[in-house]
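So the structure is just underneath, and the comments pick up after that.
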Amino acid sequence: MKFQRTLCSYKGMTKRNIKVYLKDKTAIIFSIMTQIIILGLYLLFLKQNYVDSMTSMLDGFNIKTEDNLINALVNSWLVSGVIGTSVVTVAMNSLSVMISDKQNKIDYDYNASSVKGSTVVLSYFSGAVINTIVISAILLTAGIAFSCISGSSFPEFTELLKLYGLVILGSVSAVLILMFVASFFKKNSTYAAFNTLISVAIGFVIGAYIPVSQFSDGVQTFVNLIPGSHIAAMIRNVLVSPCINDISTSLAGADHGMFAAEAEKAFATNLNLFGNEVDFTFMMMYSIGAILIFLVLNLVSFRFSSKRKD
(Lines give C-alpha, C1' and ligand atoms only; values in the text may rest on other atoms or scores of the structure.)
Protein backbone atom coordinates (compact mmCIF):
# COMPACT_ATOMS: atom_id res chain seq x y z
CA MET A 1 0.00 0.00 0.00
CA LYS A 2 2.80 2.40 0.91
CA PHE A 3 4.56 1.72 -2.38
CA GLN A 4 1.33 2.25 -4.31
CA ARG A 5 0.72 5.59 -2.58
CA THR A 6 4.28 6.67 -3.36
CA LEU A 7 3.91 5.60 -7.00
CA CYS A 8 0.57 7.40 -7.28
CA SER A 9 2.09 10.57 -5.79
CA TYR A 10 5.07 10.36 -8.13
CA LYS A 11 2.88 9.93 -11.24
CA GLY A 12 0.53 12.72 -10.19
CA MET A 13 3.33 15.18 -9.48
CA THR A 14 5.15 14.30 -12.70
CA LYS A 15 1.97 14.97 -14.70
CA ARG A 16 1.50 18.22 -12.81
CA ASN A 17 5.06 19.37 -13.63
CA ILE A 18 4.59 18.54 -17.31
CA LYS A 19 1.27 20.40 -17.46
CA VAL A 20 2.65 23.46 -15.68
CA TYR A 21 5.44 23.70 -18.27
CA LEU A 22 3.16 23.08 -21.27
CA LYS A 23 0.63 25.66 -20.08
CA ASP A 24 3.34 28.32 -19.94
CA LYS A 25 3.49 29.33 -23.59
CA THR A 26 6.31 31.78 -22.87
CA ALA A 27 8.49 28.98 -21.49
CA ILE A 28 7.85 26.86 -24.59
CA ILE A 29 8.72 29.77 -26.89
CA PHE A 30 11.94 30.45 -24.99
CA SER A 31 12.71 26.71 -25.14
CA ILE A 32 12.87 26.84 -28.93
CA MET A 33 14.07 30.44 -29.31
CA THR A 34 17.67 29.32 -29.89
CA GLN A 35 16.49 26.94 -32.62
CA ILE A 36 14.50 29.76 -34.27
CA ILE A 37 17.60 31.96 -34.22
CA ILE A 38 19.73 29.16 -35.70
CA LEU A 39 17.18 28.63 -38.48
CA GLY A 40 16.97 32.36 -39.21
CA LEU A 41 20.75 32.80 -39.35
CA TYR A 42 21.04 29.68 -41.49
CA LEU A 43 18.51 30.85 -44.07
CA LEU A 44 19.81 34.42 -44.16
CA PHE A 45 23.58 33.96 -43.97
CA LEU A 46 25.04 30.57 -43.11
CA LYS A 47 23.62 28.26 -45.76
CA GLN A 48 25.02 30.05 -48.78
CA ASN A 49 28.40 30.48 -47.08
CA TYR A 50 28.72 26.75 -46.47
CA VAL A 51 27.37 25.80 -49.89
CA ASP A 52 29.96 28.11 -51.46
CA SER A 53 32.66 26.64 -49.22
CA MET A 54 31.82 23.07 -50.24
CA THR A 55 31.61 24.09 -53.91
CA SER A 56 35.01 25.80 -53.69
CA MET A 57 36.49 22.71 -52.07
CA LEU A 58 35.27 20.57 -54.97
CA ASP A 59 36.45 23.15 -57.50
CA GLY A 60 39.88 22.84 -55.92
CA PHE A 61 39.81 19.17 -56.92
CA ASN A 62 38.53 20.15 -60.40
CA ILE A 63 35.37 18.14 -59.68
CA LYS A 64 31.68 18.96 -59.99
CA THR A 65 28.80 17.29 -58.18
CA GLU A 66 25.05 17.73 -57.94
CA ASP A 67 23.89 20.81 -56.01
CA ASN A 68 21.21 18.82 -54.15
CA LEU A 69 23.91 16.65 -52.53
CA ILE A 70 25.71 19.73 -51.20
CA ASN A 71 22.40 21.20 -49.98
CA ALA A 72 21.60 17.94 -48.23
CA LEU A 73 24.98 18.01 -46.46
CA VAL A 74 24.59 21.58 -45.23
CA ASN A 75 20.94 21.04 -44.23
CA SER A 76 21.89 17.96 -42.20
CA TRP A 77 24.44 20.05 -40.32
CA LEU A 78 21.66 22.55 -39.55
CA VAL A 79 19.36 19.84 -38.20
CA SER A 80 22.10 18.45 -35.94
CA GLY A 81 22.62 21.94 -34.49
CA VAL A 82 18.91 22.40 -33.86
CA ILE A 83 18.58 19.08 -32.02
CA GLY A 84 21.86 19.53 -30.14
CA THR A 85 20.65 22.84 -28.71
CA SER A 86 17.05 21.76 -28.10
CA VAL A 87 17.93 19.05 -25.57
CA VAL A 88 19.65 21.76 -23.52
CA THR A 89 17.21 24.66 -23.85
CA VAL A 90 14.05 22.58 -23.37
CA ALA A 91 15.55 20.84 -20.32
CA MET A 92 16.57 24.19 -18.85
CA ASN A 93 13.12 25.76 -19.30
CA SER A 94 11.34 22.64 -18.03
CA LEU A 95 13.29 22.87 -14.78
CA SER A 96 11.95 26.39 -14.22
CA VAL A 97 8.93 24.64 -12.64
CA MET A 98 11.22 23.54 -9.81
CA ILE A 99 12.49 27.09 -9.30
CA SER A 100 8.95 28.50 -9.34
CA ASP A 101 7.91 26.03 -6.65
CA LYS A 102 10.80 27.19 -4.49
CA GLN A 103 9.97 30.85 -5.01
CA ASN A 104 6.25 30.34 -4.32
CA LYS A 105 6.99 28.14 -1.28
CA ILE A 106 5.15 25.21 -2.83
CA ASP A 107 8.04 23.01 -1.75
CA TYR A 108 7.05 23.84 1.83
CA ASP A 109 3.68 22.20 1.19
CA TYR A 110 5.46 19.11 -0.12
CA ASN A 111 7.66 19.01 2.99
CA ALA A 112 4.59 19.24 5.24
CA SER A 113 2.88 16.36 3.43
CA SER A 114 3.57 12.65 3.66
CA VAL A 115 5.26 12.67 0.24
CA LYS A 116 8.95 11.84 0.42
CA GLY A 117 11.45 14.44 -0.75
CA SER A 118 13.01 11.90 -3.11
CA THR A 119 9.63 11.45 -4.81
CA VAL A 120 9.32 15.20 -5.33
CA VAL A 121 12.82 15.47 -6.81
CA LEU A 122 12.24 12.44 -9.05
CA SER A 123 9.00 13.99 -10.34
CA TYR A 124 10.86 17.16 -11.35
CA PHE A 125 13.48 15.06 -13.12
CA SER A 126 10.95 12.86 -14.91
CA GLY A 127 8.77 15.78 -15.99
CA ALA A 128 11.75 17.65 -17.45
CA VAL A 129 13.08 14.56 -19.23
CA ILE A 130 9.69 13.76 -20.77
CA ASN A 131 9.21 17.35 -21.95
CA THR A 132 12.71 17.43 -23.44
CA ILE A 133 12.38 14.08 -25.21
CA VAL A 134 8.96 14.86 -26.71
CA ILE A 135 9.81 18.36 -28.00
CA SER A 136 13.27 17.35 -29.25
CA ALA A 137 11.84 14.26 -30.95
CA ILE A 138 9.24 16.41 -32.71
CA LEU A 139 11.98 18.79 -33.88
CA LEU A 140 14.10 15.83 -35.02
CA THR A 141 11.20 14.37 -37.02
CA ALA A 142 10.58 17.74 -38.66
CA GLY A 143 14.31 18.08 -39.34
CA ILE A 144 14.54 14.66 -40.99
CA ALA A 145 11.55 15.52 -43.17
CA PHE A 146 13.18 18.84 -44.10
CA SER A 147 16.47 17.11 -44.98
CA CYS A 148 14.71 14.51 -47.14
CA ILE A 149 12.77 17.19 -49.01
CA SER A 150 16.03 19.07 -49.63
CA GLY A 151 17.69 16.01 -51.18
CA SER A 152 18.99 13.82 -48.37
CA SER A 153 18.26 10.11 -48.49
CA PHE A 154 15.91 8.88 -45.76
CA PRO A 155 17.95 7.53 -42.83
CA GLU A 156 18.21 3.77 -42.47
CA PHE A 157 16.31 2.13 -39.61
CA THR A 158 19.47 1.73 -37.52
CA GLU A 159 20.31 5.40 -38.03
CA LEU A 160 16.81 6.40 -36.92
CA LEU A 161 17.20 4.32 -33.78
CA LYS A 162 20.54 6.01 -33.10
CA LEU A 163 19.08 9.49 -33.59
CA TYR A 164 16.07 9.02 -31.32
CA GLY A 165 18.25 7.13 -28.85
CA LEU A 166 20.66 10.08 -28.78
CA VAL A 167 17.71 12.42 -28.13
CA ILE A 168 16.84 10.31 -25.08
CA LEU A 169 20.46 10.14 -23.93
CA GLY A 170 20.94 13.87 -24.46
CA SER A 171 17.71 14.69 -22.62
CA VAL A 172 18.68 12.63 -19.57
CA SER A 173 22.20 14.08 -19.58
CA ALA A 174 21.04 17.70 -19.94
CA VAL A 175 18.37 17.41 -17.24
CA LEU A 176 20.77 15.81 -14.73
CA ILE A 177 23.45 18.44 -15.31
CA LEU A 178 21.07 21.41 -15.31
CA MET A 179 19.07 20.04 -12.37
CA PHE A 180 22.21 20.04 -10.26
CA VAL A 181 22.96 23.63 -11.32
CA ALA A 182 19.32 24.69 -10.83
CA SER A 183 19.34 23.37 -7.26
CA PHE A 184 21.39 26.45 -6.30
CA PHE A 185 18.74 28.89 -7.58
CA LYS A 186 15.80 30.08 -5.50
CA LYS A 187 14.32 32.86 -7.64
CA ASN A 188 12.97 32.85 -11.19
CA SER A 189 14.66 36.15 -11.99
CA THR A 190 18.19 34.85 -11.41
CA TYR A 191 17.41 31.54 -13.10
CA ALA A 192 15.99 33.41 -16.11
CA ALA A 193 19.23 35.39 -16.40
CA PHE A 194 21.22 32.15 -16.28
CA ASN A 195 18.83 30.64 -18.81
CA THR A 196 19.42 33.51 -21.22
CA LEU A 197 23.20 33.21 -20.87
CA ILE A 198 23.20 29.48 -21.60
CA SER A 199 20.74 29.82 -24.49
CA VAL A 200 23.05 32.35 -26.16
CA ALA A 201 26.23 30.36 -25.52
CA ILE A 202 25.04 26.84 -26.33
CA GLY A 203 24.84 27.46 -30.09
CA PHE A 204 28.54 28.35 -30.17
CA VAL A 205 29.58 25.62 -27.72
CA ILE A 206 28.12 22.74 -29.75
CA GLY A 207 28.97 24.23 -33.15
CA ALA A 208 25.46 25.12 -34.29
CA TYR A 209 26.44 28.58 -35.55
CA ILE A 210 30.06 27.89 -36.50
CA PRO A 211 31.62 24.40 -36.65
CA VAL A 212 33.91 23.94 -33.65
CA SER A 213 36.67 22.96 -36.09
CA GLN A 214 37.01 26.70 -36.83
CA PHE A 215 38.23 27.34 -33.26
CA SER A 216 41.79 26.96 -31.99
CA ASP A 217 42.79 23.62 -30.43
CA GLY A 218 42.60 25.11 -26.94
CA VAL A 219 39.10 26.49 -27.44
CA GLN A 220 37.98 23.22 -29.05
CA THR A 221 39.20 21.27 -26.04
CA PHE A 222 37.42 23.65 -23.66
CA VAL A 223 34.01 23.48 -25.38
CA ASN A 224 34.36 19.75 -26.08
CA LEU A 225 34.73 19.02 -22.37
CA ILE A 226 31.07 19.99 -22.04
CA PRO A 227 28.89 16.84 -22.33
CA GLY A 228 26.37 18.59 -24.58
CA SER A 229 29.06 18.94 -27.25
CA HIS A 230 29.42 15.16 -27.39
CA ILE A 231 25.67 14.61 -27.77
CA ALA A 232 25.55 17.18 -30.59
CA ALA A 233 28.62 15.67 -32.27
CA MET A 234 27.11 12.17 -32.21
CA ILE A 235 23.89 13.48 -33.75
CA ARG A 236 25.97 15.34 -36.32
CA ASN A 237 27.95 12.16 -36.99
CA VAL A 238 24.79 10.18 -37.75
CA LEU A 239 23.18 12.89 -39.90
CA VAL A 240 26.13 14.41 -41.74
CA SER A 241 28.34 11.38 -42.41
CA PRO A 242 25.87 9.69 -44.85
CA CYS A 243 25.63 12.95 -46.83
CA ILE A 244 29.43 13.14 -47.05
CA ASN A 245 29.47 9.50 -48.21
CA ASP A 246 26.82 10.26 -50.87
CA ILE A 247 28.99 13.04 -52.30
CA SER A 248 32.09 10.83 -52.17
CA THR A 249 30.20 8.09 -54.02
CA SER A 250 29.13 10.58 -56.71
CA LEU A 251 32.79 11.57 -57.16
CA ALA A 252 33.68 7.94 -57.93
CA GLY A 253 37.11 8.24 -56.34
CA ALA A 254 38.21 11.19 -58.48
CA ASP A 255 39.25 13.08 -55.36
CA HIS A 256 41.04 10.05 -53.83
CA GLY A 257 38.90 10.40 -50.71
CA MET A 258 40.20 13.88 -49.94
CA PHE A 259 36.76 15.54 -49.96
CA ALA A 260 35.38 13.16 -47.33
CA ALA A 261 38.38 13.74 -45.06
CA GLU A 262 38.18 17.52 -45.40
CA ALA A 263 34.39 17.64 -44.97
CA GLU A 264 34.45 15.44 -41.86
CA LYS A 265 37.07 17.71 -40.36
CA ALA A 266 35.23 20.89 -41.38
CA PHE A 267 31.88 19.80 -39.95
CA ALA A 268 33.47 18.21 -36.86
CA THR A 269 31.81 14.81 -37.09
CA ASN A 270 34.45 13.80 -34.53
CA LEU A 271 35.71 16.00 -31.71
CA ASN A 272 39.14 17.33 -30.81
CA LEU A 273 40.20 16.84 -27.18
CA PHE A 274 43.68 17.94 -26.13
CA GLY A 275 44.85 17.69 -29.73
CA ASN A 276 43.48 14.17 -30.21
CA GLU A 277 40.48 13.25 -32.35
CA VAL A 278 37.84 11.21 -30.49
CA ASP A 279 35.31 9.00 -32.24
CA PHE A 280 31.65 8.07 -31.72
CA THR A 281 32.43 5.32 -29.18
CA PHE A 282 34.47 7.66 -26.99
CA MET A 283 31.77 10.33 -27.15
CA MET A 284 29.15 7.79 -26.10
CA MET A 285 31.23 6.63 -23.13
CA TYR A 286 31.96 10.25 -22.17
CA SER A 287 28.24 11.07 -22.19
CA ILE A 288 27.35 8.03 -20.10
CA GLY A 289 30.14 8.91 -17.68
CA ALA A 290 28.76 12.46 -17.34
CA ILE A 291 25.30 11.03 -16.58
CA LEU A 292 26.71 8.84 -13.81
CA ILE A 293 28.76 11.68 -12.31
CA PHE A 294 25.86 14.13 -12.21
CA LEU A 295 23.51 11.46 -10.95
CA VAL A 296 25.79 11.08 -7.94
CA LEU A 297 26.11 14.86 -7.55
CA ASN A 298 22.33 15.25 -7.58
CA LEU A 299 21.94 12.54 -4.94
CA VAL A 300 24.54 14.22 -2.74
CA SER A 301 22.88 17.62 -3.25
CA PHE A 302 19.48 16.18 -2.36
CA ARG A 303 20.76 14.53 0.82
CA PHE A 304 22.56 17.70 1.88
CA SER A 305 19.49 19.88 1.29
CA SER A 306 17.26 17.36 3.11
CA LYS A 307 19.51 17.43 6.21
CA ARG A 308 19.61 21.22 6.11
CA LYS A 309 15.78 21.38 6.11
CA ASP A 310 15.61 18.96 9.04
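The values are calculated or read from the model by the stated rules, or taken from the named source; none is laboratory data. This one's a predicted model, so the numbers in the text were calculated from it and none came from an experiment. Reconstructed Cβ throughout: ideal geometry from the backbone, glycine too, with neighbour counts over all protein chains shown. Remember, those area values only see protein heavy atoms, side chains included, never the ligands or the DNA or RNA. Shrake-Rupley method; radii C 1.70, N 1.55, O 1.52, S 1.80 Å.
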Next on the checklist: Show me the helices of the chain, taken as full DSSP H stretches, that run 18 Å or more along their long axis by Cα and average 0.0 or above in Kyte-Doolittle hydropathy.
Outcome noted: 67-94, 117-149, 157-182, 188-205, 227-251, 280-309
Next on the checklist: If you count only protein heavy atoms and use a 1.4 Å probe, how large is the accessible surface of residue 234, to the nearest 10 Å²?
Outcome noted: 0
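Ignoring trypsin sites (Lys or Arg not before Pro) that are buried or in helix or strand per DSSP, and keeping those with at most 16 other beta carbon atoms within 10 Å, what is the longest stretch of the chain between them?
Details: sites that count: 64, 105, 116, 186, 187.
So the longest stretch without any such site is 188-310.
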Checklist outcome for this item: Once Lys and Arg are counted +1 and Asp and Glu -1 for all other residues with Cβ under 13 Å from that of residue 170, the total becomes +2
Item to check | Distance-filtered residues of the range 112-133 - backbone nitrogen under 14 Å, label point 7 angstrom along residue 16 Cα→Cβ | outcome: 112-125, 127
Checklist entry - Expressed in nm to one decimal, what extension gain is obtained for the pair residue 186 and residue 26 from 0.36 nm per residue of sequence separation less their Cα-Cα distance? => result 55.6 nm
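If you roll a 1.4 Å probe over the heavy atoms of the protein chains, what accessible area per residue do you get for the range 207-300, in Å²? Intermediate values should be presented prior to the final figure.
Working: 4260 Å² over 94 residues.
About 45 Å² of surface per residue is accessible.
For the chain, what does -39500 (n - 2.57) per DSSP helix run (n ≥ 4), summed and divided by total residues, give at 222 nm, in deg cm²/dmol to the nearest 500? The partial results should precede the final answer.
Details: 14 runs with 244 residues, N = 310.
Result for the chain, helices only: -26500 deg cm²/dmol.
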Checklist entry - So what is the relative contact order of the range 113-237, in percent, for Cα pairs below 8 Å that sit 6 or more residues apart? => result 25
Checklist entry - Taking the Cα centre of the range 147-264 as origin and charging only Cβ (+1 Lys, Arg; -1 Asp, Glu), how large is the dipole, in debye to the nearest 20? => result 740
Item to check | Simple spin-label estimate for residue 285 and residue 5 in nanometres, 7 Å along Cα-Cβ | outcome: 4.7
Checklist entry - Within the range 190-207, what residues put their amide N at less than 15 Å from the label point 7 Å along the Cα-to-Cβ vector of residue 33? => result 190-203
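Got the relative contact order for the chain handy, in percent, Cα pairs under 8 Å and 6 or more residues apart? Could you put the intermediate results ahead of the total?
Numbers: 364 pairs, mean separation 77.0, N = 310.
So the answer I get is 25 percent.
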Checklist entry - When the dipole is taken about the Cα centre of the range 198-307, and only Lys, Arg (+1) and Asp, Glu (-1) are charged at their Cβ, what size is it in debye, to the nearest 20? => result 680
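Rank these by accessible area, largest first, 1.4 Å probe: 21, 286. Each step should come with its number before you reach the end.
Values: 21 5, 286 65 Å².
Most to least solvent-accessible, the answer reads 286, 21.
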Next on the checklist: If I model a spin label at residue 67 and residue 197 as a point 7 Å from the Cα along the Cα→Cβ vector, what separation in nanometres do I get?
Outcome noted: 4.5
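Quick check: with the 1.4 Å probe, what order do 54, 285 take by accessible area, largest first?
Working: 54 5, 285 120 Å².
Final ranking, largest accessible area leading: 285, 54.
Just to make sure I understand: if all protein chains stay in place, what is the order of 264, 156 by accessible area at 1.4 Å, largest first?
On the way: 264 70, 156 120 Å².
Sorted descending by solvent-accessible area, the residues read 156, 264.
Rounded to the nearest 20 debye, what is the charge dipole size of the chain about its Cα centre when +1 sits on each Lys and Arg Cβ and -1 on each Asp and Glu Cβ? Mind showing how you got there, number by number?
Working: 22 positive and 18 negative charges, 480 e Å.
Dipole magnitude for the chain comes out near 2300 debye.
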Checklist entry - Any idea how far apart residue 52 and residue 216 come out in nm if each label point goes 7 Å out from Cα toward Cβ? => result 2.7
Item to check | Among 93, 68, 298, residue whose mean-square fluctuation peaks in a GNM of the chain (springs only between Cα atoms under 10 Å) | outcome: 68
Item to check | Within the accessible area of the chain (1.4 Å probe), percent carbon and sulfur | outcome: 67
